[in-house]
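This report concerns only the one structure given below.
The values are calculated or read from the model by the stated rules, or taken from the named source; none is laboratory data. From a predicted model like this one, the values you see are computed outputs, not experimental measurements. Virtual Cβ from ideal backbone geometry, glycine too; neighbours counted across all protein chains shown. The area values use the complete protein model at the heavy-atom level, side chains included, leaving out ligands, DNA and RNA. Shrake-Rupley method; radii C 1.70, N 1.55, O 1.52, S 1.80 Å.
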Amino acid sequence: MPPTDASTDAGTAPYTTVGSDTGPGADTEDTLDLRLPDELLAFFAEKAEEAKGEVAGGAKAEAAGGAAERAERNGGGRNTVGTAQASAPGTAWPAPVAPAGDDLLDRVGDWGPTATAAGVFHLAPVHLDRDLPLISRWMNDPAVAAFWELSGPGTATEDHLRAQLGGDGRSVPCLGVLDGTPMSYWEIYRADLDPLARHYPARLHDTGIHLLIGGVANRGRGLGTTLLRAVSDLVLDRRPSCARVIAEPDLRNIPSVSAFLSAGFRFSAEVELPAKKAALMVRDRALRDLL
């Protein structure tokens, strides 16, 4: 077995201190106590002060020249965006980096409408006063309640929505509006910032989606597949930093898993989550045109 102490590596000797005994007959006087003359020390100090003054003077002149040049470029010295890049060579500060988006999900509310085979669709961020009654009614549908577990006469749905609306923006609840009619509920969320990330090899900017189709008339006719593809396309188009769209439907929810597969997602793994066993579904940017 190779040694673990670095001092035993080939070609490397352990450090020793002055006066230490490294063995019989070892010479412990391995340093010399030298003192420079006072005149020489004074000479060095004088030269150091002169050099310091030259550097300071040169920097001031360079800064003045750079300021004059920037003022001429910018119309009499008026500050404009990007002038930090116009400073003199060797003294420029890095230009400020613009954020990728105004929030963690690049302003979902501004993603706009998209044309689908079923009609014009867009995501409208939830307004609690306006949308709570409709979403609560959907959550109390037995077919939905079996998987979302937000049914009942209490405030479960309201609490669930408020937690997202009052958070830092890592999850945005939305109504799915098709040809002007709200017909589905969505959650667009940062999977890499979600507890889900503890259960799979998350990547930076992974974006997750949850979906429920509200009305019974809209279920069972392929609408989920159409909308899942449309929304995942929106994510990839509006979030250039996102390379993958993630979903984790309940493994027992066969229609949901099938809809994701038909929408271009691939089955990645079974994931044991605290409340369910999920099918980890992934739609990769690199494969979006192939699946």
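Here are the numbers for this structure:
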| item | result |
| --- | --- |
| Some residue of the stretch 195-216 being part of a helix (DSSP H, G or I) and buried (at least 20 other Cβ atoms within 10 Å of the Cβ) | yes |
| All helices (runs of 4 or more DSSP H) inside the stretch 101-174 with 3 or more residues being over 26 Å from ILE254 (Cβ atoms) | 128-139, 156-165 |
| Every pair of residues 6+ apart whose Cβ atoms lie under 7 Å, when the first sits in the stretch 248-271 and is open to solvent by 30 Å² or more (accessible area, probe 1.4 Å) while the second is of a type in the set (Ser, Thr, Tyr) and outside any strand (DSSP E or B) | SER262/THR225; ALA269/TYR200 |
| Residue list for the stretch 133-144, filter: farther than 20 Å from LEU223 by Cβ and surrounded by fewer than 17 Cβ atoms within 10 Å (Cβ to Cβ) | PRO133, ASN140 |
| Count of residues meeting criterion [closer than 21 Å to LEU227 by Cα and either aliphatic (A, V, I, L, M) or surrounded by 17 or more Cβ atoms within 10 Å (Cβ to Cβ) (or both)] in the stretch 146-162 | 1 |
| Verdict on SER232 being surrounded by 18 or more Cβ atoms within 10 Å (Cβ to Cβ), in a helix (DSSP H, G or I), among the small types (Gly, Ala, Ser) and at pLDDT 95 or above | yes |
| Test: VAL245 is open to solvent by less than 20 Å² (accessible area, probe 1.4 Å) and over 23 Å from ALA115 (Cα atoms) | no |
